[in-house]
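The values are calculated or read from the model by the stated rules, or taken from the named source; none is laboratory data. Small disclaimer: the values here were computed from a predicted structure and weren't measured. Every residue, glycine among them, receives a Cβ derived from its backbone with ideal geometry; neighbour counts consider all protein chains shown.
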Amino acid sequence: MENVSAVTSFILTAYTELEDHRYLYFICFLLSYLLIFLGNLVLIAVISIERSLHEPMYWFICSLAVNGLYGSTCLFPSLLGHLLSHNYEVSLTQCLLQIYCLHTYGTIEFTILAAMSYDRYVAICHPLHYHLLMSPKKLYAAITLSWVIPLIYFALLFIFTVQRTFCDKIIEKVYCSNFPLVKLSCFDTTIQSFVGLASLFVSPCSQIAMILFSYVQILRICLSASKESQIKAIQTCTPHLLAVINYAVGSLFELIQSRFNMSNVPYKARIFMTLYFLIFPPMFNPVIYGISIQAIRVQIFKLFSGKKLREAH
(Lines give C-alpha, C1' and ligand atoms only; values in the text may rest on other atoms or scores of the structure.)
Protein backbone atom coordinates (compact mmCIF):
# COMPACT_ATOMS: atom_id res chain seq x y z
CA MET A 1 0.00 0.00 0.00
CA GLU A 2 3.00 2.31 0.55
CA ASN A 3 3.96 1.97 -3.12
CA VAL A 4 0.38 2.82 -4.13
CA SER A 5 0.48 6.21 -2.42
CA ALA A 6 4.13 6.95 -3.31
CA VAL A 7 3.41 8.99 -6.46
CA THR A 8 3.05 12.60 -5.32
CA SER A 9 4.44 14.35 -8.39
CA PHE A 10 3.98 14.04 -12.15
CA ILE A 11 6.06 14.63 -15.27
CA LEU A 12 4.54 16.60 -18.14
CA THR A 13 6.25 14.78 -21.02
CA ALA A 14 4.82 16.91 -23.85
CA TYR A 15 7.53 19.50 -23.11
CA THR A 16 10.14 17.17 -24.55
CA GLU A 17 8.56 17.78 -27.96
CA LEU A 18 9.18 21.52 -27.58
CA GLU A 19 12.85 21.28 -26.63
CA ASP A 20 14.18 21.71 -30.19
CA HIS A 21 12.89 25.31 -30.36
CA ARG A 22 12.41 25.96 -26.64
CA TYR A 23 13.24 29.68 -26.70
CA LEU A 24 11.14 30.37 -29.79
CA TYR A 25 8.14 28.74 -28.09
CA PHE A 26 8.89 30.70 -24.92
CA ILE A 27 8.82 34.01 -26.83
CA CYS A 28 5.59 33.04 -28.66
CA PHE A 29 3.83 32.02 -25.43
CA LEU A 30 5.11 35.10 -23.58
CA LEU A 31 3.81 37.40 -26.34
CA SER A 32 0.50 35.52 -26.32
CA TYR A 33 0.16 36.01 -22.56
CA LEU A 34 1.00 39.71 -22.82
CA LEU A 35 -1.56 40.17 -25.63
CA ILE A 36 -4.23 38.34 -23.64
CA PHE A 37 -3.44 40.25 -20.45
CA LEU A 38 -3.31 43.71 -22.04
CA GLY A 39 -6.28 43.13 -24.38
CA ASN A 40 -8.61 41.90 -21.65
CA LEU A 41 -7.37 44.52 -19.17
CA VAL A 42 -8.15 47.32 -21.64
CA LEU A 43 -11.62 45.87 -22.24
CA ILE A 44 -12.32 45.64 -18.48
CA ALA A 45 -11.00 49.18 -17.87
CA VAL A 46 -13.02 50.75 -20.70
CA ILE A 47 -16.28 49.05 -19.68
CA SER A 48 -15.76 49.81 -15.99
CA ILE A 49 -14.84 53.48 -16.46
CA GLU A 50 -17.24 54.50 -19.23
CA ARG A 51 -20.79 54.99 -17.88
CA SER A 52 -22.38 54.69 -21.34
CA LEU A 53 -21.20 51.05 -21.40
CA HIS A 54 -22.88 50.12 -18.11
CA GLU A 55 -25.42 47.94 -19.91
CA PRO A 56 -26.02 44.15 -19.53
CA MET A 57 -24.27 43.17 -22.77
CA TYR A 58 -21.11 45.07 -21.86
CA TRP A 59 -21.02 43.72 -18.30
CA PHE A 60 -21.19 40.19 -19.74
CA ILE A 61 -18.28 41.06 -22.05
CA CYS A 62 -16.39 42.40 -19.02
CA SER A 63 -17.06 39.14 -17.14
CA LEU A 64 -15.79 37.20 -20.17
CA ALA A 65 -12.60 39.28 -20.12
CA VAL A 66 -12.07 38.62 -16.39
CA ASN A 67 -12.44 34.89 -17.05
CA GLY A 68 -9.92 35.16 -19.90
CA LEU A 69 -7.39 36.62 -17.45
CA TYR A 70 -8.21 33.90 -14.92
CA GLY A 71 -7.75 31.03 -17.39
CA SER A 72 -4.58 32.36 -19.02
CA THR A 73 -2.97 33.09 -15.63
CA CYS A 74 -3.66 29.49 -14.60
CA LEU A 75 -1.75 28.29 -17.67
CA PHE A 76 1.00 30.64 -18.84
CA PRO A 77 3.21 31.18 -15.75
CA SER A 78 3.71 27.42 -15.32
CA LEU A 79 4.06 26.91 -19.10
CA LEU A 80 6.76 29.57 -19.37
CA GLY A 81 8.49 28.35 -16.20
CA HIS A 82 8.74 24.77 -17.49
CA LEU A 83 10.11 25.91 -20.86
CA LEU A 84 12.93 27.84 -19.17
CA SER A 85 13.73 25.50 -16.29
CA HIS A 86 14.09 22.19 -18.17
CA ASN A 87 12.13 20.77 -15.22
CA TYR A 88 8.82 19.21 -16.28
CA GLU A 89 7.80 17.87 -12.90
CA VAL A 90 4.82 19.19 -10.92
CA SER A 91 3.67 18.24 -7.44
CA LEU A 92 0.30 16.60 -6.87
CA THR A 93 -0.97 19.78 -5.15
CA GLN A 94 0.11 22.01 -8.05
CA CYS A 95 -1.40 19.58 -10.53
CA LEU A 96 -4.76 19.44 -8.73
CA LEU A 97 -4.87 23.23 -8.38
CA GLN A 98 -4.17 23.73 -12.09
CA ILE A 99 -6.83 21.17 -13.04
CA TYR A 100 -9.44 22.93 -10.92
CA CYS A 101 -8.58 26.38 -12.31
CA LEU A 102 -8.43 25.36 -15.97
CA HIS A 103 -11.59 23.24 -15.89
CA THR A 104 -13.59 25.91 -14.06
CA TYR A 105 -12.29 28.51 -16.55
CA GLY A 106 -13.69 26.37 -19.38
CA THR A 107 -17.10 25.90 -17.76
CA ILE A 108 -17.38 29.56 -16.73
CA GLU A 109 -16.57 30.64 -20.30
CA PHE A 110 -19.37 28.57 -21.79
CA THR A 111 -21.82 29.61 -19.04
CA ILE A 112 -21.16 33.32 -19.66
CA LEU A 113 -21.56 32.79 -23.42
CA ALA A 114 -24.90 31.05 -22.74
CA ALA A 115 -26.06 33.96 -20.53
CA MET A 116 -25.00 36.39 -23.27
CA SER A 117 -27.07 34.47 -25.83
CA TYR A 118 -30.13 34.87 -23.58
CA ASP A 119 -29.39 38.59 -23.30
CA ARG A 120 -29.30 38.86 -27.12
CA TYR A 121 -32.56 36.87 -27.35
CA VAL A 122 -34.33 39.24 -24.95
CA ALA A 123 -32.90 42.34 -26.68
CA ILE A 124 -34.11 41.22 -30.13
CA CYS A 125 -37.24 39.23 -29.37
CA HIS A 126 -38.60 41.25 -26.42
CA PRO A 127 -37.12 44.75 -26.81
CA LEU A 128 -39.99 46.50 -24.98
CA HIS A 129 -39.47 44.32 -21.89
CA TYR A 130 -35.66 44.27 -22.09
CA HIS A 131 -34.97 46.52 -19.10
CA LEU A 132 -37.49 44.60 -17.03
CA LEU A 133 -36.18 41.13 -17.97
CA MET A 134 -32.54 42.26 -17.74
CA SER A 135 -32.80 44.59 -14.74
CA PRO A 136 -29.59 45.35 -12.78
CA LYS A 137 -30.64 42.87 -10.07
CA LYS A 138 -31.20 40.07 -12.60
CA LEU A 139 -28.00 40.97 -14.44
CA TYR A 140 -25.87 40.76 -11.28
CA ALA A 141 -27.56 37.47 -10.36
CA ALA A 142 -26.82 36.05 -13.83
CA ILE A 143 -23.16 37.08 -13.72
CA THR A 144 -22.71 35.77 -10.15
CA LEU A 145 -24.35 32.43 -11.01
CA SER A 146 -22.21 32.19 -14.17
CA TRP A 147 -19.21 31.99 -11.84
CA VAL A 148 -20.55 30.31 -8.70
CA ILE A 149 -22.35 27.38 -10.36
CA PRO A 150 -19.31 26.19 -12.41
CA LEU A 151 -17.00 26.58 -9.39
CA ILE A 152 -19.27 24.44 -7.20
CA TYR A 153 -20.27 22.02 -9.98
CA PHE A 154 -16.70 21.06 -10.85
CA ALA A 155 -15.67 20.97 -7.18
CA LEU A 156 -18.28 18.26 -6.57
CA LEU A 157 -16.97 16.20 -9.50
CA PHE A 158 -13.36 16.90 -8.58
CA ILE A 159 -13.74 15.29 -5.15
CA PHE A 160 -13.44 11.87 -6.87
CA THR A 161 -10.03 12.84 -8.32
CA VAL A 162 -8.69 14.44 -5.12
CA GLN A 163 -9.43 11.27 -3.13
CA ARG A 164 -7.52 9.00 -5.51
CA THR A 165 -4.01 7.61 -5.21
CA PHE A 166 -1.80 7.31 -8.29
CA CYS A 167 0.59 4.64 -9.52
CA ASP A 168 2.09 6.36 -12.55
CA LYS A 169 3.51 9.84 -13.00
CA ILE A 170 3.55 10.41 -16.77
CA ILE A 171 1.08 12.97 -18.16
CA GLU A 172 1.46 13.45 -21.92
CA LYS A 173 0.46 17.12 -21.91
CA VAL A 174 1.96 20.54 -21.15
CA TYR A 175 -0.50 21.11 -18.30
CA CYS A 176 -2.44 18.95 -15.85
CA SER A 177 -5.90 17.82 -16.93
CA ASN A 178 -8.48 15.80 -15.05
CA PHE A 179 -9.05 12.82 -17.35
CA PRO A 180 -5.34 12.08 -18.04
CA LEU A 181 -4.68 12.27 -14.28
CA VAL A 182 -7.58 9.95 -13.45
CA LYS A 183 -6.15 7.36 -15.87
CA LEU A 184 -3.03 7.20 -13.66
CA SER A 185 -5.07 6.01 -10.68
CA CYS A 186 -4.06 2.82 -8.93
CA PHE A 187 -7.62 1.50 -8.90
CA ASP A 188 -10.47 1.00 -11.33
CA THR A 189 -11.79 4.28 -12.77
CA THR A 190 -14.85 2.98 -14.64
CA ILE A 191 -17.38 4.69 -12.38
CA GLN A 192 -15.52 8.01 -12.41
CA SER A 193 -15.14 7.86 -16.20
CA PHE A 194 -18.87 7.26 -16.51
CA VAL A 195 -19.64 10.16 -14.16
CA GLY A 196 -17.26 12.39 -16.14
CA LEU A 197 -18.93 11.42 -19.41
CA ALA A 198 -22.39 11.93 -17.93
CA SER A 199 -21.37 15.38 -16.70
CA LEU A 200 -20.87 16.38 -20.34
CA PHE A 201 -24.62 15.98 -20.84
CA VAL A 202 -25.27 18.40 -17.98
CA SER A 203 -22.49 20.85 -18.79
CA PRO A 204 -21.81 21.99 -21.51
CA CYS A 205 -25.01 20.51 -23.04
CA SER A 206 -27.18 22.79 -20.88
CA GLN A 207 -25.25 25.84 -22.12
CA ILE A 208 -25.43 24.63 -25.72
CA ALA A 209 -29.20 24.18 -25.34
CA MET A 210 -29.53 27.77 -24.09
CA ILE A 211 -27.46 29.12 -26.99
CA LEU A 212 -29.39 27.09 -29.59
CA PHE A 213 -32.76 28.08 -28.10
CA SER A 214 -31.81 31.76 -28.11
CA TYR A 215 -30.60 31.78 -31.70
CA VAL A 216 -33.52 29.72 -33.01
CA GLN A 217 -35.86 32.32 -31.51
CA ILE A 218 -33.75 35.18 -32.92
CA LEU A 219 -33.77 33.55 -36.37
CA ARG A 220 -37.54 33.09 -36.19
CA ILE A 221 -38.05 36.78 -35.40
CA CYS A 222 -35.56 37.91 -38.06
CA LEU A 223 -37.26 35.94 -40.84
CA SER A 224 -40.43 37.97 -40.38
CA ALA A 225 -38.72 41.31 -39.66
CA SER A 226 -37.78 44.16 -42.00
CA LYS A 227 -34.42 44.24 -43.76
CA GLU A 228 -33.22 47.04 -41.48
CA SER A 229 -34.11 45.00 -38.38
CA GLN A 230 -32.36 41.94 -39.81
CA ILE A 231 -29.15 43.92 -40.40
CA LYS A 232 -29.29 45.33 -36.86
CA ALA A 233 -29.82 41.82 -35.41
CA ILE A 234 -26.88 40.46 -37.41
CA GLN A 235 -24.64 43.30 -36.19
CA THR A 236 -25.74 42.65 -32.60
CA CYS A 237 -25.24 38.88 -32.72
CA THR A 238 -22.13 38.50 -34.89
CA PRO A 239 -19.50 39.21 -32.16
CA HIS A 240 -21.17 36.74 -29.79
CA LEU A 241 -21.48 34.06 -32.49
CA LEU A 242 -17.80 34.45 -33.38
CA ALA A 243 -16.84 34.09 -29.70
CA VAL A 244 -19.06 30.98 -29.34
CA ILE A 245 -17.66 29.33 -32.49
CA ASN A 246 -14.06 30.13 -31.51
CA TYR A 247 -14.50 28.62 -28.04
CA ALA A 248 -16.57 25.64 -29.26
CA VAL A 249 -13.86 24.68 -31.78
CA GLY A 250 -11.20 24.82 -29.07
CA SER A 251 -13.31 22.78 -26.65
CA LEU A 252 -13.98 20.18 -29.33
CA PHE A 253 -10.24 19.89 -30.00
CA GLU A 254 -9.57 19.28 -26.30
CA LEU A 255 -12.43 16.80 -25.93
CA ILE A 256 -11.27 14.74 -28.93
CA GLN A 257 -7.65 14.90 -27.80
CA SER A 258 -8.34 13.79 -24.21
CA ARG A 259 -10.99 11.14 -24.83
CA PHE A 260 -9.90 9.44 -28.07
CA ASN A 261 -6.77 7.80 -29.43
CA MET A 262 -4.96 10.44 -31.52
CA SER A 263 -1.72 8.55 -32.13
CA ASN A 264 -2.02 9.08 -35.90
CA VAL A 265 -1.95 12.88 -35.41
CA PRO A 266 1.50 14.54 -35.13
CA TYR A 267 2.40 15.16 -31.49
CA LYS A 268 2.92 18.90 -31.89
CA ALA A 269 -0.49 19.18 -33.55
CA ARG A 270 -1.98 17.45 -30.51
CA ILE A 271 -0.24 19.93 -28.21
CA PHE A 272 -1.74 22.76 -30.26
CA MET A 273 -5.19 21.15 -29.98
CA THR A 274 -4.97 20.99 -26.19
CA LEU A 275 -3.88 24.63 -25.94
CA TYR A 276 -6.35 26.17 -28.42
CA PHE A 277 -9.25 26.69 -26.01
CA LEU A 278 -6.91 28.19 -23.39
CA ILE A 279 -5.13 30.65 -25.70
CA PHE A 280 -7.25 31.72 -28.65
CA PRO A 281 -10.62 32.59 -27.03
CA PRO A 282 -9.12 34.95 -24.41
CA MET A 283 -6.79 36.37 -27.07
CA PHE A 284 -9.42 37.04 -29.73
CA ASN A 285 -12.42 37.97 -27.57
CA PRO A 286 -11.07 41.50 -26.91
CA VAL A 287 -10.39 41.85 -30.65
CA ILE A 288 -13.85 40.53 -31.61
CA TYR A 289 -15.71 42.82 -29.19
CA GLY A 290 -13.31 45.76 -29.32
CA ILE A 291 -13.39 46.07 -33.11
CA SER A 292 -16.89 44.92 -34.05
CA ILE A 293 -18.87 46.82 -31.38
CA GLN A 294 -18.69 50.52 -32.20
CA ALA A 295 -19.51 51.76 -28.68
CA ILE A 296 -16.49 49.86 -27.25
CA ARG A 297 -14.24 50.72 -30.20
CA VAL A 298 -14.89 54.45 -29.80
CA GLN A 299 -14.09 54.36 -26.07
CA ILE A 300 -10.87 52.39 -26.67
CA PHE A 301 -9.73 55.02 -29.19
CA LYS A 302 -10.59 57.74 -26.67
CA LEU A 303 -8.62 55.94 -23.97
CA PHE A 304 -5.46 55.70 -26.08
CA SER A 305 -5.77 59.15 -27.67
CA GLY A 306 -6.25 60.80 -24.28
CA LYS A 307 -9.26 62.66 -25.66
CA LYS A 308 -11.31 62.10 -22.52
CA LEU A 309 -8.53 63.52 -20.37
CA ARG A 310 -8.28 66.63 -22.53
CA GLU A 311 -12.05 67.09 -22.43
CA ALA A 312 -11.97 66.93 -18.62
CA HIS A 313 -9.70 70.00 -18.59
Scan the stretch 98-121 residue by residue and report those that are farther than 15 Å from ALA209 by Cβ, surrounded by fewer than 23 Cβ atoms within 10 Å (Cβ to Cβ) and of a type in the set (Phe, Trp, Tyr). TYR100
Looking at the stretch 37-51 only, could you name the residues that are closer than 10 Å to ILE296 by Cβ, assigned to a helix (DSSP H, G or I) and more than 20 Å from the chain's Cα centre (by Cα)? VAL46
Quick one: count up the residues across the stretch 196-224 that are under 19 Å from PHE260 (Cβ atoms) and in a helix (DSSP H, G or I). 7
Which pairs have Cβ atoms under 9 Å, sit 6 or more apart or on different chains, and link a residue in the stretch 259-287 that is free of Cβ contacts under 8 Å to residues at least 60 places away in the same chain to one that is in a helix (DSSP H, G or I) and exposed (fewer than 13 other Cβ atoms within 10 Å of the Cβ)? MET262/ALA269
Give the number of residues within the stretch 60-73 that are surrounded by fewer than 21 Cβ atoms within 10 Å (Cβ to Cβ) and touching a residue at least 60 places away in the same chain (Cβ under 8 Å). 1
What about VAL174, is it of a type outside the set (S, T, N, Q), farther than 14 Å from SER9 by Cα and part of a helix (DSSP H, G or I)? no
Subset tally (residues that are aromatic (Phe, Trp, Tyr) and at pLDDT 80 or above) for the stretch 190-231: 2
Can you tell me which residue among ALA248, ALA233, ALA225, ALA243 is surrounded by fewer than 16 Cβ atoms within 10 Å (Cβ to Cβ) and either under 14 Å from the mean Cα position of the chain (by Cα) or on the phi < 0 side of the Ramachandran plot (or both)? ALA225
If you take the residues in the stretch 262-291 that are among the small types (Gly, Ala, Ser) and modelled with pLDDT of 80 or more, which one is surrounded by the most Cβ atoms within 10 Å (Cβ to Cβ)? GLY290
Go through (1) buried (at least 16 other Cβ atoms within 10 Å of the Cβ); (2) more than 19 Å from GLY196 (Cβ to Cβ); (3) of a type outside the set (Phe, Trp, Tyr) one by one and return the number of the condition THR144 breaks. (1)
Surrounded by 14 or more Cβ atoms within 10 Å (Cβ to Cβ) and either over 18 Å from HIS240 (Cα atoms) or in contact with a Pro (Cβ under 6 Å, 6 or more places away or on another chain) (or both), is that true of ALA45? yes
